[in-house]
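Notes to accompany the following structure.
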Protein chains: 2
Amino acid sequence: MDKFEERTIKTENIFDGKVVRLQVDEVELPNGKTSKRELIKHSGAVAVIPITKDNKILFVKQYRKPLEKTLIEIPAGKMEEGEEPEVTAVRELEEETGYTTNDLSLVTSFYSSPGFADELLYIYITDQLEKLDTPPDGDDDEFVEIIELTLDEAKRYVEEERIHDAKTNYAVLYLHALGRM
Amino acid sequence: MDKFEERTIKTENIFDGKVVRLQVDEVELPNGKTSKRELIKHSGAVAVIPITKDNKILFVKQYRKPLEKTLIEIPAGKMEEGEEPEVTAVRELEEETGYTTNDLSLVTSFYSSPGFADELLYIYITDQLEKLDTPPDGDDDEFVEIIELTLDEAKRYVEEERIHDAKTNYAVLYLHALGRM
């Protein structure tokens with residue numbers, strides 16, 4: 001057992017939604033005292049960095065209600081329960097951009113906010129894109145617009161905070177570090 | 001008004017905690033239909049990349065209850081309401097590592113999980129660290145251990161997923177891209 005481990009004394013389920021669950025755990029701390037932890041449960045998410053044949057990156061522009069603003073992000077979506085991340089990756093790519101791929105490489109994975117949420121995010125990259133004749137319908141409450149940018153344009157968008165989320169900032173830095181564009 | 005904007009019809013407050021608030025908004029979509037959005041409200045967070053005089057990076061090892069595991073992360077903490085990010089940065093650096101600084105540079109900022117949370121995270125860097133004679137007490141429910149790593153060691157920890165969260169993966173990639181270590 002890890003010396004800093006916090007033993008759960010009691011779990012209170014607060015909310016069970018479509019995207020998140022919220023519970024409050026009473027825990028025993030390493031020093032024997034007790035405290036409460038607010039925990040967001042999430043099924044995980046997958047993002048894709050799609051590189052076109054002429055070396056541009058595909059992004060989606062999307063309104064984000066939690067921020068009350070529009071962000072430009074790499075295509076991404078929530079994993080269904082028990083789903084393999086590659087399956088989520090292809091589905092979200094198809095729904096959000098109208099392209100598909102059978103060539104995905106894992107770039108990295110990380111927990112988005114380990115202090116209060118268990119969301120694990122996978123990031124894949126592909127430069128093998130095939131345009132679909134008939135793109136599948138996406139979620140009926142999701143409205144997105146595709147944007148193609150060069151890496152230099154994407155870096156400027158990061159500076160301007162039009163690109164401003166963890167996975168997309170990471171993706172732009174990753175492509176910069178790769179030095180291939 | 002943004003063409004994808006979602007107008008709030010009704011807000012239901014579900015939970016008001018120490019770290020997060022949860023509300024469910026009923027929204028009008030761009031096509032006139034309605035949907036629900038689960039929104040986590042968070043006051044924001046600040047992280048610091050602390051570089052020592054002998055070119056190592058200071059990390060903290062910490063048990064993360066949402067994941068039921070221990071992660072190695074750069075020092076970070078939640079902003080108090082209305083607090084400037086630099087103030088949070090210095091406080092968390094002092095509490096978690098016992099060092100202070102009066103020289104912070106902003107690396108980037110990003111939203112951790114824009115699909116369901118409004119948490120904005122700032123990342124600073126400093127190579128001007130001063131050891132405190134008497135480090136301040138941290139939160140009384142927080143138990144951390146300091147770890148010094150070279151950049152090569154940190155990259156290996158990323159591969160081994162002992163470093164496995166958005167801000168710290170970003171920090172390691174940033175230092176790699178900088179090419180200075």
For region A:97-107, Karplus-derived ³J(HN,Hα) couplings (6.51, -1.76, 1.60; θ = phi - 60°; whole Hz; x for glycine and proline) come out as 10, x, 10, 10, 7, 10, 9, 10, 10, 6, 8
For A:Glu130, inter-copy label-point distances (7 Å, Cα→Cβ), nm, shortest first, read 6.3
Here the gain from full extension of A:Leu132 to A:Glu84, 0.36 nm per residue of separation minus their alpha-carbon distance, amounts to 15.1 nm
Expected field for A:Leu106, accessible surface area in Å² at 1.4 Å probe radius, rounded to 10, holds 100
As a percent rounded to 5, the proportion of antiparallel DSSP bridges among beta bridges in region A:46-178 is 80
Between chains B and A, total accessible area buried, probe 1.4 Å, no ligands or nucleic acids, nearest 100 Å², roughly 5700
Residue span B:Ala177 to B:Glu160: 0.36 nm per residue of separation minus Cα-Cα distance leaves a gain in nm of 4.1 nm
Any residue on another chain or 5+ positions along whose placed amide H is under 5 Å from the amide H of B:Phe15 is listed here as B:Leu22
For region A:152-160, Karplus-derived ³J(HN,Hα) couplings (6.51, -1.76, 1.60; θ = phi - 60°; whole Hz; x for glycine and proline) come out as 5, 5, 4, 4, 5, 5, 5, 4, 7
SASA check, B:Arg7, accessible area w/ 1.4 Å probe, all protein chains in place, rounded to nearest 10 Å², comes out at 130
Share of accessible surface on carbon and sulfur in region B:92-166, whole %, 1.4 Å probe and ligands ignored, is 38
Sorted by chain and then number, the residues having a modelled amide H within less than 5 Å of the amide H of A:Tyr111, at least 5 places away or on another chain, are A:Leu121, B:Asp165, B:Ala166
Label points for A:Val24 built 7 Å along Cα→Cβ; distances to same position in the other copies, nm, shortest first, come to 1.9
By the Kirkwood definition, with r running over pairs of different Cα atoms, chain A has a hydrodynamic radius in Å of 18.0
For chain A, the per residue accessible area (1.4 Å probe, Å²) is 46
For A:Tyr99, other-chain or 5+-apart residues with amide H closer than 5 Å (H placed, Pro excluded) are A:Leu132
In whole Hz, the Karplus estimates of ³J(HN,Hα) for region B:23-39 (6.51, -1.76, 1.60; θ = phi - 60°; x where Gly or Pro) are 9, 10, 9, 8, 10, 9, 7, x, 8, x, 6, 10, 8, 10, 10, 8, 10
Protection proxy (average C-beta count within 10 Å per residue), highest first, orders A:53-61, A:135-143 as A:53-61, A:135-143
In short, region A:137-171 residues buried by 20 Å² or more of accessible area relative to the isolated chain (1.4 Å probe) are A:Asp141, A:Phe143, A:Glu145, A:His164, A:Asp165, A:Ala166, A:Asn169, A:Tyr170
Asserting the computed 222 nm helical MRE of chain B (DSSP H runs at least 4 long, -39500 (n - 2.57) per run, divided by residue count, to nearest 500) equals -6000 deg cm²/dmol
Here the FRET efficiency for B:Arg7 versus A:Phe15, based on Cβ atoms and R0 = 22 Å and rounded to 0.05, is 0.40
Ranked by GNM mean-square fluctuation in chain B (Cα springs under 10 Å), the top entry among B:Thr88, B:Thr100, B:Thr34 is B:Thr34
Dividing the surface of the Cα convex hull of the protein assembly as shown by four yields a projected area in nm² of 18.7
Of the listed pairs A:Lys155/B:Lys131; A:Lys3/A:Lys41; A:Lys78/B:Lys41; A:Lys10/B:Lys36; A:Lys69/B:Lys155; A:Lys36/B:Lys10, those with alpha carbons more than 28 Å apart are A:Lys155/B:Lys131; A:Lys10/B:Lys36; A:Lys69/B:Lys155; A:Lys36/B:Lys10
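The values are calculated or read from the model by the stated rules, or taken from the named source; none is laboratory data. Just so it is clear, the model here is predicted, and its values are computed rather than measured. Using ideal geometry, Cβ is built from the backbone for each residue, glycine included, and neighbour counts are taken over all protein chains shown. These area figures cover heavy atoms from the full protein model, side chains too; ligands, DNA and RNA do not enter into them. Shrake-Rupley method; radii C 1.70, N 1.55, O 1.52, S 1.80 Å.
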